[in-house]
Structure formats: structure tokens, C-alpha cells
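Written out below as C-alpha cells is the structure these notes cover.
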Amino acid sequence: MIERHVLVLAAGKGTRMRSSRPKVLHRLAGCPLAEHVLRAADPLGAGSTTLVVGHQGETVERELGAVRGDLSFVRQEPQLGTAHAVLQAEAVLSGRRGTLIVLMGDAPLVSSRTTQALAETHERTGASATVLTATIERPYGYGRIVRRGGQLAEVVEEADATPEQRTLREVNSGIYAFDLAPLFAALRAVPEAGPKRERYLPGILRRYREEGLTVETVVAAADEIRGINSRHELAEAGSLMRHRKNEEMMAAGVTIIDPATAYVDVDVEVGPDTVIHPGVILEGRTSIGARCELHAGVRIVNAVVGDDVTVNNHSVIIDAEIAAAARIGPFAHIRPGSTVGEKARVGNFVELKKATLGAGSKAGHLSYVGDAAVGAGANIGAGTITCNFDGSVKHRTTIEEDVFIGSGTQLVAPVTVERGAYVAAGSCITEDVPADALAVARGRQVNKEGRAAARRKKDADSARG
Ligand code: UD1
Ligand code: CA
């Protein structure tokens with residue numbers, strides 16, 4: 001087996017993004033562009049993976065290094081072109097033999113099947129370099145592949161192309177396999193070009209051909225080689241990525257009513273027979289069980305949702321856990337640190353924050369339950385509010401199992417309502433309620449006969465003057 005190494009070019013400024021963030025950290029379906037590229041390289045079994053960083057290099061190193069401990073970074077300062085970028089890796093690759101796979105940090109749609117095909121063809125043919133190409137509808141902006149006698153002769157960049165060459169539709173993906181042995185010496189010989197005196201990686205291919213070295217090509221599907229240079233291209237790539245994810249989910253037994261409006265990040269898992277209605281957004285490391293129903297406009301972020309859960313329209317669930325057969329929404333807001341138990345019910349305009357709702361418990365309408373633990377089988381009446389904040393510190397509310405909280409109750413934390421207790425509607429609870437007790441904490445009602453009519457008469461008299 002030939003030794004393999006991976007190099008990802010990610011030093012460029014990404015001027016056309018017009019962003020304060022480095023281009024390769026922009027997200028596509030929940031992952032930074034560079035992370036998609038690294039995933040495509042994962043199955044290559046590389047002995048080392050190096051990223052060339054430059055523009056905002058520290059940020060790129062910090063954010064990617066945090067999720068991938070096995071990465072090496074090299075700096076390219078200033079950024080003098082893609083050939084110059086590869087040269088910066090000479091030190092980390094010195095003494096290495098075998099194949100170097102070069103990937104572009106801004107070309108995230110390449111599949112691992114394609115990177116493997118590239119490496120395998122390259123190694124089987126014993127080529128000095130192998131270029132991944134594709135024939136695309138709109139080749140503007142890409143380097144064109146110029147062939148002579150079927151063989152790649154050179155890559156001509158948009159700016160240097162003749163009008164005739166601009167009509168060529170086979171383009172350079174910027175993704176290559178190189179034999180490491182002749183690579184760095186050849187890179188040093190690539191001539192500087194353009195006003196910025198940059199050295200372009202495709203320059204090496206022409207040189208190899210002139211020297212009689214073998215340059216192979218592997219042709220990929222058009223969509224896989226897209227480079228992202230602008231927000232427009234980012235959006236286009238996002239739509240392709242979602243299409244792939246949706247196809248994958250549907251093949252695994254998920255119903256998607258309208259795939260054009262299902263926004264599901266790449267790392268999300270969804271169980272079979274779950275139905276995704278229009279406009280559903282599933283983000284981050286979310287996992288959804290089997291046979292769930294996610295209605296229109298639902299957004300779920302980094303949450304674990306069990307089997308047979310119904311989430312009604314326009315509910316938002318973030319960093320939370322929803323157990324099997326629970327029913328959520330419509331218009332529920334389940335915030336970080338919350339857990340909803342099996343068969344529990346969270347109804348409309350109910351907000352949970354750092355709250356657990358026990359199995360079978362119900363908070364059906366218009367409630368705020370924050371910093372609270374609610375036991376199993378409890379009923380939280382409409383409009384109940386846990387008053388968790390005293391202006392400086394948050395306090396906890398404990399509602400034990402089988403408690404009934406009447407509608408319109410305020411629970412001034414810290415406070416505990418023990419098991420089986422009953423709180424009368426409209427109470428303002430400031431002291432603990434013992435188990436099985438009835439707590440009533442509200443002003444007594446007084447009815448004053450005829451007072452309303454008398455008042456109306458007085459108002460009418462004074463209006464007449
Ligand atoms: C490049 C190719 C072009 C190809 C296209 C595919 C060159 C000269 N041109 O053009 O043939 O069709 O990709 O998308 O290679 N980078 C560095 N250091 C640098 C310059 C760039 O690390 O000094 C990195 C960038 O961060 C980016 C990648 O290399 O990830 C490509 O650079 P970019 O400027 O986008 O090249 P293109 O003009 O798209
Ligand atoms: Ca590019």
C-alpha cells in the first residue's frame with residue numbers, strides 16, 4: 001500500500017465573500033466548509049493531514065483544531081498563490097514518500113468516493129500528478145482543462161484564457177493527487193504570474209507534461225467540484241448539500257412532504273417512518289426517533305427526540321431531550337437543559353428552561369417553567385409561572401409527582417410543592433406546600449351588590465354635565 005498524505009489549502013482571504021469570518025469557517029448544512037473537505041478525505045487512510053492557513057489563520061486553527069485533534073497546520077504568509085501554499089507544507093512532509101492528495105478548503109461538495117477514486121487511479125497508473133476535473137454548464141471563473149490528443153496539456157485560468165479557451169467546459173476542480181517525490185522541486189520552478197506575482201499550482205501540470213511525466217485526469221460529477229467564492233455560491237452549495245441529505249433520509253424510510261423546504265444539517269439523524277412537514281429545520285447534532293411527526297415550521301437544534309413524538313407547528317427545541325411519545329406545541333419553546341418525559345405534554349405558548357417535566361406530566365397552555373423540576377403525573381395549569389429570578393440570582397422550583405397546580409399560579413422560587421399536593425388557581429405560592437395539602441394563596445373575593453350599576457349612572461350623569 002502506498003503511503004498517503006492530505007493537504008487542504010485554506011489560506012486565502014476569500015475576498016468575494018465580503019466577510020469578517022475566514023471563508024473556510026463559513027457553515028454549510030451545519031459544518032464549516034473545511035470540515036466537509038476533511039470528511040471527504042477521512043477514508044483515504046492518510047498518514048498525516050495538514051491545513052495551510054494564512055488569512056485569519058489563528059481563528060481557523062483554533063476552531064478546526066478544537067474538533068480535530070489530528071490536524072497539523074502550516075502558515076502561508078503572505079498568500080502568494082496555490083503553488084506557494086503547497087510549498088509551505090514542505091517542512092512537515094519532508095522525508096515522506098507516496099501520494100499527496102491536495103484539496104481546496106473552499107470546495108466542500110467533493111465526496112469521499114471521488115477522493116478515493118482519485119487516489120486509486122493516481123496510484124494504479126503511477127502518474128506524477130492526477131487532476132480531478134468535471135464538465136460543467138457555467139465554467140466561468142474556473143481554470144479550463146486544455147487537452148491535446150485526449151491528454152491534459154495544461155490548465156488555463158480564466159484571466160489568461162483566450163476567447164476560444166473560455167468556451168471549454170471541462171474545468172479544474174483544484175483537487176489533485178501528486179507523487180511526493182518530484183513535487184517540491186517542481187513547485188519551486190513554477191513561474192510567478194500576474195501583478196501579484198503569485199505561483200499557481202496548475203502551473204506544475206504543464207511543466208510535468210513538458211518534461212514527459214505522466215499527468216492523469218479523473219472526471220467527477222459536475223456538482224462535486226463546485227468551489228465557493230461568494231455568498232451566492234454558498235447558497236447554491238447549501239441547496240445541493242440539503243438535496244443529498246434529504247435523498248439519504250428518504251432512502252432510509254423518512255417521509256419528507258416537501259424536500260425543497262426541509263433544512264436538515266448533515267449530522268442530524270432521523271428514524272424511519274418519521275414525517276417531516278414543510279419548513280422544518282433540524283440543526284447540529286440533533287437525533288430524532290422513529291415514527292415522529294414534525295409539523296411545519298418546527299426548529300430543533302442539538303436535541304435528542306425519542307420515538308413517536310409529535311412536535312406541532314412552530315415549536316423551537318434547543319439543547320434539550322424529549323422522551324418517547326411526548327407531544328409538543330404548537331408554539332412551544334423548549335430551551336437548553338430541559339427534559340420532557342415520556343408521554344408528557346407541552347402545549348401552546350409554554351416555555352421550558354433548564355426544566356424537567358416528568359413522565360405523563362402536562363403543561364398545556366401559556367406557562368413559563370424555568371429552573372424547575374416537575375415530577376411524573378403532574379398538571380401545570382394554564383398561565384402558571386415559576387418566578388425564578390429575584391433580580392440578581394436564579395432559584396429553583398420543585399414540583400413533585402402527581403401535584404396539581406391550578407391555573408394562573410405564580411411559584412416564587414425557591415419553593416417546593418410536595419407530592420400529591422393541590423394548589424388552588426390564582427395562587428401566589430411563596431412557601432413550601434406539604435405533601436397532599438391544599439394550598440390557597442390569594443385575596444378573598446368580595447361582591448358589592450349594585451355597585452357597578454351605580455357607577456355607570458354616575459359616569460353618565462357627569463358626561464351630560
Ligand atoms: C482555483 C484554481 C482553478 C480551479 C479552482 C477550482 C489556481 C490558480 N486556480 O481557482 O484552476 O478551477 O480553484 O475551485 O489554483 N489558497 C491558499 N493560498 C493562496 C491562494 C489560495 O491557501 O495563496 C487557497 C484558498 O484558501 C482556497 C483555495 O486555495 O481554499 C483556492 O483558492 P482560490 O483563490 O479560491 O482559487 P480559484 O480562483 O477559485
Ligand atoms: Ca475558489
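The values are calculated or read from the model by the stated rules, or taken from the named source; none is laboratory data. This one's a predicted model, so the numbers in the text were calculated from it and none came from an experiment. In this analysis, Cβ positions are derived from the backbone assuming ideal geometry, glycine residues included, and neighbour counts consider all displayed protein chains. Heads up: the accessible areas ignore ligands, DNA and RNA and are worked out on the full protein's heavy atoms, side chains in. Shrake-Rupley method; radii C 1.70, N 1.55, O 1.52, S 1.80 Å.
Just one of 237, 260, 161 is outside the structural domain of residue 86 (by TED's automatic domain parsing), free of Cβ contacts under 8 Å to residues at least 40 places away in the same chain, of a type in the set (A, V, I, L, M) and under 29 Å from residue 17 (Cβ atoms); which is it? Quick ask: steps written out before the conclusion?
Values: 237 fails: free of Cβ contacts under 8 Å to residues at least 40 places away in the same chain; 161 fails: outside the structural domain of residue 86 (by TED's automatic domain parsing).
Going through 237, 260, 161 in turn, just one is outside the structural domain of residue 86 (by TED's automatic domain parsing), free of Cβ contacts under 8 Å to residues at least 40 places away in the same chain, of a type in the set (A, V, I, L, M) and under 29 Å from residue 17 (Cβ atoms): 260.
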If I filter segment 184-202 for residues that are surrounded by fewer than 17 Cβ atoms within 10 Å (Cβ to Cβ) and within 16 Å of ligand 2 (Cβ to nearest atom), do I get at least one hit? yes
Out of curiosity, is residue 304 within 21 Å of the chain's Cα centre (by Cα), of a type in the set (Val, Ile, Thr) and open to solvent by 60 Å² or more (accessible area, probe 1.4 Å)? yes
Filter result (open to solvent by less than 10 Å² (accessible area, probe 1.4 Å) and either away from ligand 1 (no atom under 16 Å from the Cβ) or outside any strand (DSSP E or B) (or both)) within segment 97-109: 99, 105, 107, 108, 109
In segment 234-265, the residues that are of a type in the set (Ser, Thr, Tyr) and within 14 Å of the chain's Cα centre (by Cα): 239, 263
If you go through segment 307-343 one residue at a time, how many are open to solvent by 40 Å² or more (accessible area, probe 1.4 Å), touching a residue at least 24 places away in the same chain (Cβ under 8 Å) and of a type in the set (Gly, Ala, Ser)? 0
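Go through 191, 195, 139 for me and flag whichever is within 12 Å of ligand 1 (Cβ to nearest atom), without any contact (Cβ under 8 Å) to a residue 40 or more places away in the chain, in the same structural domain as residue 18 (by TED's automatic domain parsing) and part of a loop (DSSP other than H, G, I, E, B). Steps first, answer last, please.
Values: 191 fails: within 12 Å of ligand 1 (Cβ to nearest atom); 195 fails: within 12 Å of ligand 1 (Cβ to nearest atom).
That would be 139, the only listed residue that is within 12 Å of ligand 1 (Cβ to nearest atom), without any contact (Cβ under 8 Å) to a residue 40 or more places away in the chain, in the same structural domain as residue 18 (by TED's automatic domain parsing) and part of a loop (DSSP other than H, G, I, E, B).
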Hey, any hits in segment 162-169 for a residue that's open to solvent by less than 10 Å² (accessible area, probe 1.4 Å) and at negative phi? no
I need the full set of residues from segment 75-86 which are under 12 Å from residue 50 (Cα atoms) and away from ligand 2 (no atom under 16 Å from the Cβ), in order please. 75
Name, by its number, the condition in (1) open to solvent by 60 Å² or more (accessible area, probe 1.4 Å); (2) among the hydroxyl-bearing types (Ser, Thr, Tyr); (3) within 16 Å of ligand 2 (Cβ to nearest atom) that does not hold for residue 94. (3)
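Have a look at 134, 117, 107 and point out the one that is more than 16 Å from ligand 2 (Cβ to nearest atom) and hydrophobic (A, V, I, L, M, F, W, C).
Answer to the check: 117.
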Those residues of segment 24-59 which are under 17 Å from residue 80 (Cα atoms), within 16 Å of ligand 2 (Cβ to nearest atom) and open to solvent by less than 30 Å² (accessible area, probe 1.4 Å), in sequence order: 51, 52, 53, 54
For segment 42-59, which residues satisfy the criterion of being assigned to a strand (DSSP E or B) and either at pLDDT below 95 or over 22 Å from the mean Cα position of the chain (by Cα) (or both)? 48, 49, 50, 52, 53
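Might you check whether a residue that is over 27 Å from residue 32 (Cβ atoms), open to solvent by less than 20 Å² (accessible area, probe 1.4 Å), touching a residue at least 24 places away in the same chain (Cβ under 8 Å) and in a loop (DSSP other than H, G, I, E, B) occurs anywhere in segment 60-82?
Here is the first cut: in segment 60-82, the ones over 27 Å from residue 32 (Cβ atoms) are none.
The answer is no, given that none of the residues of segment 60-82 is over 27 Å from residue 32 (Cβ atoms), open to solvent by less than 20 Å² (accessible area, probe 1.4 Å), touching a residue at least 24 places away in the same chain (Cβ under 8 Å) and in a loop (DSSP other than H, G, I, E, B).
Against the definition (assigned to a helix (DSSP H, G or I) and either under 23 Å from the mean Cα position of the chain (by Cα) or within 16 Å of ligand 1 (Cβ to nearest atom) (or both)), how does residue 12 come out, yes or no? First the steps, then the outcome.
Details: assigned to a helix (DSSP H, G or I): no; either under 23 Å from the mean Cα position of the chain (by Cα) or within 16 Å of ligand 1 (Cβ to nearest atom) (or both): yes.
So residue 12 does not fit the description; no.
Could you please find all residues in segment 110-120 being open to solvent by 20 Å² or more (accessible area, probe 1.4 Å) and of a type in the set (A, V, I, L, M, F, W, C)?
First pass over segment 110-120, keeping only residues open to solvent by 20 Å² or more (accessible area, probe 1.4 Å): 111-113, 116-117, 120.
Across segment 110-120, the qualifying residue is only 117.
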